[in-house]
Amino acid sequence: MTFPLASYLVVTFVLVITPGATTAVVLRNTLSGGWRPGVATAVGAATANSTLATAAGLGLGLMSVRYPPVQVVLRWSGGMYLGWLGVSSLRRALRPDFLLALASEETPGRKVHSSFGQGLAVNLLNPAIIVFYLAVVPTFMPPSAGTALFALLAAIHVTMAFLCHVGWAFVFSRLRQFASRRKPLQVLEACTAMMLIYLAARTIYP
């Protein structure tokens, strides 16, 4: 293993293990629906990462650099979407019939599909991921490197992020089972909601 690759692995690991918007959405969906929605969110996020990496490799991601309004639109769209998820979670957590709301909100199949869509949307609207593929990944590539190396480094990031999110889903699905009573779950839901609202504000006003 060459030193640049080792450095890339360390940097990428630190980035993916640090909780962010995607992690918060994984937690939200795991707490509200269990293991399957949490993993579905992780799959959606990985799909978005793969899409953005492909766009960056083809040069399409440069549009967000050459045209600053594109970054503004992405930032505001992503922030507003996170805010909407956070507010909806907070409203649900404050309901007296909280457990009933969780059970009747969506069927398990629809919950999995909507969780996948949320993971996909959150990452597609995340300018930080675009910057990662456009600015961070190339710094670990020799000047003569081709697209194959970029694809390898991007695949490492996608895989590491996916495994990390699946790990969060596993941990919080167990926590959900342990805290199966109404009050502990409400507290966890409210904390996740506040995290999403905070991240929404940070996304809009970095």
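Miscellaneous remarks
- Some residue of segment 116-132 being in contact (Cβ under 8 Å) with a residue 12 or more places away in the chain and either more than 19 Å from Gly78 (Cα to Cα) or in contact with an Asp or Glu (Cβ under 9 Å, 6 or more places away or on another chain) (or both): no
- Counting only residues that are crowded, with 21+ Cβ neighbours inside 10 Å and touching a Ser or Thr at 6+ places or on another chain (Cβ under 6 Å), segment 32-64 holds 5 of them.
- Condition met for Lys111 (of a type in the set (D, E, K, R), in a helix (DSSP H, G or I), at pLDDT below 90 and exposed (fewer than 15 other Cβ atoms within 10 Å of the Cβ)): no
- Selected residue (only one of Leu82, Leu90 is touching a residue at least 60 places away in the same chain (Cβ under 8 Å), surrounded by 14 or more Cβ atoms within 10 Å (Cβ to Cβ) and over 18 Å from Gln186 (Cα atoms)): Leu82
- The residue pairs whose first member lies in segment 40-61 and is within 11 Å of Val122 (Cα to Cα), whose second member is buried (at least 20 other Cβ atoms within 10 Å of the Cβ) and of a type in the set (Ser, Thr, Tyr), and whose beta carbons are closer than 6 Å, counting only pairs six or more residues apart or on different chains, are Thr41/Ser115; Ala45/Thr22.
This table checks each residue for (1) at pLDDT below 90; (2) part of a helix (DSSP H, G or I); (3) not hydrophobic (A, V, I, L, M, F, W, C).
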residue: Gly61; (1), (2), (3): yes, yes, yes
residue: Tyr81; (1), (2), (3): no, yes, yes
residue: Ala121; (1), (2), (3): no, yes, no
residue: Met141; (1), (2), (3): yes, no, no
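- Note on segment 172-190: residues that are in a helix (DSSP H, G or I) and surrounded by 14 or more Cβ atoms within 10 Å (Cβ to Cβ) amount to 10.
The values are calculated or read from the model by the stated rules, or taken from the named source; none is laboratory data. Since we're looking at a predicted model, the values are computed, not measured. Reconstructed Cβ throughout: ideal geometry from the backbone, glycine too, with neighbour counts over all protein chains shown.
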